[in-house]
Amino acid sequence: MTQDELKTGFFYSNGAYGRTWGVRQLAEITTDAENGELEAYFKGVAGTCRRKKGHCSLTDFARWAKYQVALVENDWKRVGGDVPPAESEVA
């Protein structure tokens, strides 16, 4: 994904299969006071990322995120087409 496609409050997946698959919610984008780089703060919500918080450069987060996802009933689905908006998108 590109950095411009990322929005706080939305959910993203790394698109991996099996044990390395994960979903993170982009919680905040800030500017590092020391180097001026954009930083992404995230919360892991499913898969290998579950129950973990972290941060990295926005560039690294964009590289990790393959696509946006939404929770549909009990399943994470790729956003696009007929996928209903996630709860954070409705608010």
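The values are calculated or read from the model by the stated rules, or taken from the named source; none is laboratory data. Because the structure is predicted, anything quoted here is derived from the model rather than measured. Don't worry about glycine lacking a Cβ; one is built from the backbone with ideal geometry, like all the others, and counts go over all protein chains shown. Heads up: the accessible areas ignore ligands, DNA and RNA and are worked out on the full protein's heavy atoms, side chains in. Shrake-Rupley method; radii C 1.70, N 1.55, O 1.52, S 1.80 Å.
Confirm whether Lys53 is of a type in the set (Lys, Arg), at pLDDT 95 or above and surrounded by fewer than 13 Cβ atoms within 10 Å (Cβ to Cβ). Please lay out each step first, then the result.
Values: of a type in the set (Lys, Arg): yes; at pLDDT 95 or above: yes; surrounded by fewer than 13 Cβ atoms within 10 Å (Cβ to Cβ): yes.
Here the answer is yes, as Lys53 does meet what is asked.
Which residue pairs have Cβ atoms closer than 7 Å, lie 6 or more positions apart in sequence or on different chains, and pair a first residue in the range 60-78 that is over 29 Å from Glu37 (Cα atoms) with a second residue that is open to solvent by less than 70 Å² (accessible area, probe 1.4 Å) and among the acidic types (Asp, Glu)?
No pair meets every condition.
Looking at the range 50-77, which of its residues are among the acidic types (Asp, Glu) and under 12 Å from the mean Cα position of the chain (by Cα)?
Within the range 50-77, the first condition is being among the acidic types (Asp, Glu), and the residues that meet it are 60, 73, 75.
Scanning the range 50-77 gives a single hit, Asp60.
Among (1) more than 17 Å from Gly9 (Cα to Cα); (2) open to solvent by 50 Å² or more (accessible area, probe 1.4 Å); (3) not hydroxyl-bearing (Ser, Thr, Tyr), which single condition is Gly47 missing?
Tallying (1) more than 17 Å from Gly9 (Cα to Cα); (2) open to solvent by 50 Å² or more (accessible area, probe 1.4 Å); (3) not hydroxyl-bearing (Ser, Thr, Tyr), Gly47 fails exactly one: (2).
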